[in-house]
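> Got a structure for you, written out below as structure tokens; questions coming shortly.
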Amino acid sequence: MIRVYNTLSKSKEPFEPVRPGKVGIYLCGPTVYKPSHIGHMVGPVIFDAIKRYLTYSGYEVTLVVNVTDVDDKLIAESARRSMLMSELAAEMTRDYMNNLDAMGIDTVSHFPRATDHIDQIIQFTADLIQKGCAYESDGDVYFDVSKDEDYGKLSHRTLESMIGEGGDTAERKRSSADFALWKSAKPGEPSWSSPWGPGRPGWHIECSVMSSRLLGETFDIHGGGLDLVFPHHENEIAQSECRFGKPMARYWLHNGLMQASDEVGKVGGRATRPAEDDLQSQSAGKISKSKGASAFSEMLKEFEPENIRFFLLSSHYRRPIDFSSERIREVGTGLESFYRFFKRYQRVTGRSFYEVAAATRREEGDFDPESDAVLVEVSERRKRFLAAMDDDFNTGGAIAELFELMRRLNRQIDDEKLEEPNRQSAERIAVLRQGAATLREIGLTLGLFRNPPKEAEARGDELAGKLLDLLVEIRTEARKAKNFAMADKIRSSLAELGVTLEDRPGGTEWTIGK
RNA sequence: GGCGCCGUAGCCAAAUGGAUAAGGCAGCGGAUUGCAAAUCCGCGAUUUAUCGGUUCGACUCCGAUCGGCGCCUCCA
């Protein structure tokens, strides 16, 4: 039984999809006016894992991530850069897609764009007017929040508390809490013709339109950053539920926001933060475009995607994450130990870990450990991993089981001396294989261990490789002759060049890199 | 000001009423090694910001205090 935390009820609820066996997820994607930063990857990485896990658990999952490509910010930015809004949107959408691609997020079923749905947006807006939930005012169309009895139910606030200034369109609204469905165009702004004159959609309407179109009037999971709870998601609910008269989504999942605590100027930090209020600039704060977070594409030059993924999944998705390069490196160190285990597995079995046949469905992964001590623990760790994931996708707790599982298999190799060629038995290797298959199986549900990591450095050219082989051979002879001074000199000299030597039962191995 | 979240070992972090408070990073011992590296084993919270309360029992619920943060305006 999978349980999820629902912002609507502020509690964990058993997960039961609207249609048995099928799950529809709508994740709020970016407004494409600037390059994406690490904060934009949090939701996609988590929901990529959620989709993988739900699929693994037997559901047929449709994941929709929208792209908002028409908005005041796009208009402003494209004007600043003297380009068409559509050109800007295309450029930034490409940036976003490249980033998702680099992160191995290939689980998204649809990326609907607002500008591809203008007709439906106009229709939706007209329907809302007809239902009496919205009104036209001087070329704009506003949603009348007083018509929505439970307005505020997601963000848990009362209507009175939301009455504010109303922005610069206050005179045109009946209530300052009303929000725009359609905005009339000023001269020179991109616009589409509508029953209310030329204009463009407001911010929230595209999500109501596209989610209902792709996932239905009531779908299962609506996700996004915590900062979208109000007003964005609250307004989506108001629009959709007024229009369809039924709940928009069953479960509202919100991820915590990335906080920047890195030194100014580093990746993800508040690079262009204004110099005033020095005292406050010491503290962490939300990463956002307006505060000048660095482009994610820059970060990819510094860190491996899997390292970033591991970092994002190592704590619970609802918790805010303090970003720092040091932290990513730290979890990277832990991740490296998995890579070393994978190489070790290959040395022992002669097979690549990445070719281990792993179950892709939960039931398929079940196995009978009989009374083998190793398999009993492997099975136990797998169960605990699944229990953690079932409990509101607790990826942090689940990753702990990955470490435990790896440790158990390393211990098996040590205890049974499986790395010594003459000590192997087919039966014990089979046990190790089962353990590795389980590790890969559950790792894959998080989108981990899909492909071999890039070697730290290019393995040098062919000549360098041959020279290293030669040096290792000379050193091995020196060691046999107990000429350890020579052996150590070769090792330490190579270390200075960034080459690490490791002596193992099966021989010496060299690696280039950190 | 209104609404809300968070505070667990040096650092990161899981566990939200029940039996010894996961795991990672860093550190320290030991096994292994010619010496290393890697790996394995062992060690760290008499205790979950503080104080008080509810309970047979609280990190977990309630109240207060201190500290950090978010939303209320654009944001993943």
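The values are calculated or read from the model by the stated rules, or taken from the named source; none is laboratory data. Here the structure is a predicted model, which is why all the values come from computation and not from measurement. All Cβ positions, even for glycine, are placed from backbone atoms using ideal geometry, and neighbour counts span all protein chains on display. Accessible surface is based on the protein model in full, side chains and every heavy atom, while ligands, DNA and RNA are left aside. Shrake-Rupley method; radii C 1.70, N 1.55, O 1.52, S 1.80 Å.
> Filter the range A:67-87 down to residues that are open to solvent by 30 Å² or more (accessible area, probe 1.4 Å) and within 27 Å of the chain's Cα centre (by Cα) and give me whichever is nearest to RNA strand B (Cβ to nearest atom). Show your work before the answer.
The first filter runs over the range A:67-87 and keeps only residues open to solvent by 30 Å² or more (accessible area, probe 1.4 Å), leaving A:72-73, A:76, A:79-84, A:86-87.
Then keep just the ones that are within 27 Å of the chain's Cα centre (by Cα); that gives A:72-73, A:86-87.
Values: A:D72: 7, A:K73: 5, A:S86: 18, A:E87: 19 Å.
Ranking the qualifying residues of the range A:67-87, first place goes to A:K73.
> May I pose another question? Determine which single condition A:E306 fails, assuming it passes every other condition in (1) more than 12 Å from RNA strand B (Cβ to nearest atom); (2) open to solvent by 70 Å² or more (accessible area, probe 1.4 Å); (3) not aliphatic (A, V, I, L, M).
The single condition A:E306 does not satisfy is (2).
> Can you spot a residue in the range A:309-327 that is within 16 Å of A:G435 (Cβ to Cβ), modelled with pLDDT under 95 and surrounded by 16 or more Cβ atoms within 10 Å (Cβ to Cβ)? Reasoning before the result, please.
Going residue by residue through the range A:309-327, those that are within 16 Å of A:G435 (Cβ to Cβ) are none.
No; the residues of the range A:309-327 include none that is within 16 Å of A:G435 (Cβ to Cβ), modelled with pLDDT under 95 and surrounded by 16 or more Cβ atoms within 10 Å (Cβ to Cβ).
> Further, regarding this structure: Would you mind finding the one in A:H222, A:H232 that is more than 20 Å from A:T125 (Cα to Cα) and either within 14 Å of RNA strand B (Cβ to nearest atom) or open to solvent by 20 Å² or more (accessible area, probe 1.4 Å) (or both)? Spell out the reasoning first.
Details: A:H232 fails: more than 20 Å from A:T125 (Cα to Cα).
Exactly one residue qualifies, and that residue is A:H222.
> Report yes if A:L63 is within 20 Å of the chain's Cα centre (by Cα), surrounded by 21 or more Cβ atoms within 10 Å (Cβ to Cβ) and farther than 25 Å from A:A180 by Cα, otherwise no. Step through it out loud before you land on a result.
Numbers: within 20 Å of the chain's Cα centre (by Cα): yes; surrounded by 21 or more Cβ atoms within 10 Å (Cβ to Cβ): yes; farther than 25 Å from A:A180 by Cα: yes.
Criteria met by A:L63.
> Scan A:E473, A:E404, A:E420 and give me the residue that is within 16 Å of RNA strand B (Cβ to nearest atom), touching a helix residue (DSSP H, G or I) at 6+ places or on another chain (Cβ under 8 Å) and open to solvent by 30 Å² or more (accessible area, probe 1.4 Å).
Details: A:E473 fails: touching a helix residue (DSSP H, G or I) at 6+ places or on another chain (Cβ under 8 Å); A:E420 fails: touching a helix residue (DSSP H, G or I) at 6+ places or on another chain (Cβ under 8 Å).
Selected residue: A:E404, the only one of A:E473, A:E404, A:E420 that is within 16 Å of RNA strand B (Cβ to nearest atom), touching a helix residue (DSSP H, G or I) at 6+ places or on another chain (Cβ under 8 Å) and open to solvent by 30 Å² or more (accessible area, probe 1.4 Å).
> OK, next. Taking into account only those residues within the range A:194-215 that are over 18 Å from A:F111 (Cβ atoms) and out of contact with any helix residue (DSSP H, G or I) (no Cβ under 9 Å at 6 or more places or on another chain), which is nearest to RNA strand B (Cβ to nearest atom)?
Restricting to residues being over 18 Å from A:F111 (Cβ atoms) and out of contact with any helix residue (DSSP H, G or I) (no Cβ under 9 Å at 6 or more places or on another chain), the top hit is A:G199.
> Of the residues A:D127, A:D168, A:D150, which single one is at pLDDT 90 or above and of a type in the set (D, E)? Reasoning before the result, please.
Numbers: A:D168 fails: at pLDDT 90 or above; A:D150 fails: at pLDDT 90 or above.
Every option except A:D127 fails the conditions.
> Hey, can you tell me all the residues within the range A:487-505 that are more than 9 Å from RNA strand B (Cβ to nearest atom) and open to solvent by 70 Å² or more (accessible area, probe 1.4 Å)?
Correct list: A:K489, A:E496, A:L497.
> Next up: So is A:Q130 free of Cβ contacts under 8 Å to residues at least 60 places away in the same chain and farther than 27 Å from A:M41 by Cα or not? It would help to see each step written out before you state the result.
Values: free of Cβ contacts under 8 Å to residues at least 60 places away in the same chain: yes; farther than 27 Å from A:M41 by Cα: yes.
For A:Q130, the condition - free of Cβ contacts under 8 Å to residues at least 60 places away in the same chain and farther than 27 Å from A:M41 by Cα - is met.
> Of the residues that sit in the range A:176-213 and are more than 30 Å from A:V18 (Cα to Cα) and among the charged types (D, E, K, R), which one is most open to solvent (accessible area, probe 1.4 Å)?
It comes out as A:K186.
> What pairs come up if the first residue lies in the range A:229-242 and is in a helix (DSSP H, G or I), the second is of a type in the set (S, T, N, Q) and within 9 Å of RNA strand B (Cβ to nearest atom), and their beta carbons are under 9 Å apart, counting only those six or more places apart or on different chains?
Once the first residue is in a helix (DSSP H, G or I) and sits in the range A:229-242, its partners that are of a type in the set (S, T, N, Q) and within 9 Å of RNA strand B (Cβ to nearest atom) give A:V229/A:S155; A:F230/A:S155; A:P231/A:S155; A:H233/A:S155; A:E234/A:S155.
> Please give the number of the condition A:A357 fails out of (1) in a loop (DSSP other than H, G, I, E, B); (2) within 8 Å of RNA strand B (Cβ to nearest atom); (3) of a type outside the set (S, T, Y); (4) open to solvent by 70 Å² or more (accessible area, probe 1.4 Å).
The one condition A:A357 does not meet is (2).
> Output the residue which, of all residues in the range A:71-103 that are in a loop (DSSP other than H, G, I, E, B) and out of contact with any Pro (no Cβ under 6 Å at 6 or more places or on another chain), is nearest to A:L444 (Cα to Cα). Outline the logic, then answer.
As a first pass, look at the range A:71-103 and keep what is in a loop (DSSP other than H, G, I, E, B): A:71, A:81-84, A:103.
Restricting the remaining residues to those that are out of contact with any Pro (no Cβ under 6 Å at 6 or more places or on another chain) gives A:71, A:81-84.
Working: A:D71: 37, A:R81: 42, A:S82: 45, A:M83: 42, A:L84: 41 Å.
Checked the range A:71-103; the qualifying residue nearest to A:L444 (Cα to Cα) is A:D71.
> Next up: Can you give me the number of residues within the range A:106-154 that are under 19 Å from A:H233 (Cβ atoms), crowded, with 18+ Cβ neighbours inside 10 Å and not aliphatic (A, V, I, L, M)?
Going through the range A:106-154 one residue at a time, the tally reaches 11.
> Oh, and also: So which of A:R384, A:R411 is within 12 Å of RNA strand B (Cβ to nearest atom), surrounded by 15 or more Cβ atoms within 10 Å (Cβ to Cβ) and part of a helix (DSSP H, G or I)? Lay out the reasoning, then the answer.
Values: A:R411 fails: surrounded by 15 or more Cβ atoms within 10 Å (Cβ to Cβ).
Only one candidate passes the filter, namely A:R384.
> While we're on this one: Mind checking which residues of the range A:361-374 are open to solvent by less than 80 Å² (accessible area, probe 1.4 Å) and farther than 18 Å from A:F403 by Cβ?
So in the range A:361-374, the residues open to solvent by less than 80 Å² (accessible area, probe 1.4 Å) come out as A:362, A:365, A:367, A:369, A:372-374.
Of everything in the range A:361-374, those that are open to solvent by less than 80 Å² (accessible area, probe 1.4 Å) and farther than 18 Å from A:F403 by Cβ turn out to be A:R362, A:G365, A:F367, A:P369, A:D372, A:A373.
> Between residues in the range A:494-514 that are farther than 19 Å from A:R479 by Cα and residues that are away from RNA strand B (no atom under 11 Å from the Cβ) and part of a strand (DSSP E or B), which pairs lie under 8 Å by C-beta distance while being six or more apart or on different chains?
Short answer, once both residue conditions are applied: A:G498/A:I512; A:T511/A:V499; A:I512/A:V499.
> Another one. Just checking, which of A:E419, A:E473 is under 15 Å from A:T508 (Cβ atoms) and either in contact (Cβ under 8 Å) with a residue 40 or more places away in the chain or assigned to a loop (DSSP other than H, G, I, E, B) (or both)?
On the way: A:E473 fails: either in contact (Cβ under 8 Å) with a residue 40 or more places away in the chain or assigned to a loop (DSSP other than H, G, I, E, B) (or both).
Sole residue among the options that is under 15 Å from A:T508 (Cβ atoms) and either in contact (Cβ under 8 Å) with a residue 40 or more places away in the chain or assigned to a loop (DSSP other than H, G, I, E, B) (or both): A:E419.
> From the list A:S155, A:S161, A:S176, exactly one residue is under 26 Å from the mean Cα position of the chain (by Cα), within 16 Å of RNA strand B (Cβ to nearest atom), of a type in the set (S, T, N, Q) and more than 30 Å from A:E60 (Cβ to Cβ). Which is it? Working first, answer last.
Working: A:S161 fails: under 26 Å from the mean Cα position of the chain (by Cα); A:S176 fails: under 26 Å from the mean Cα position of the chain (by Cα).
Just one listed residue meets the conditions, A:S155.
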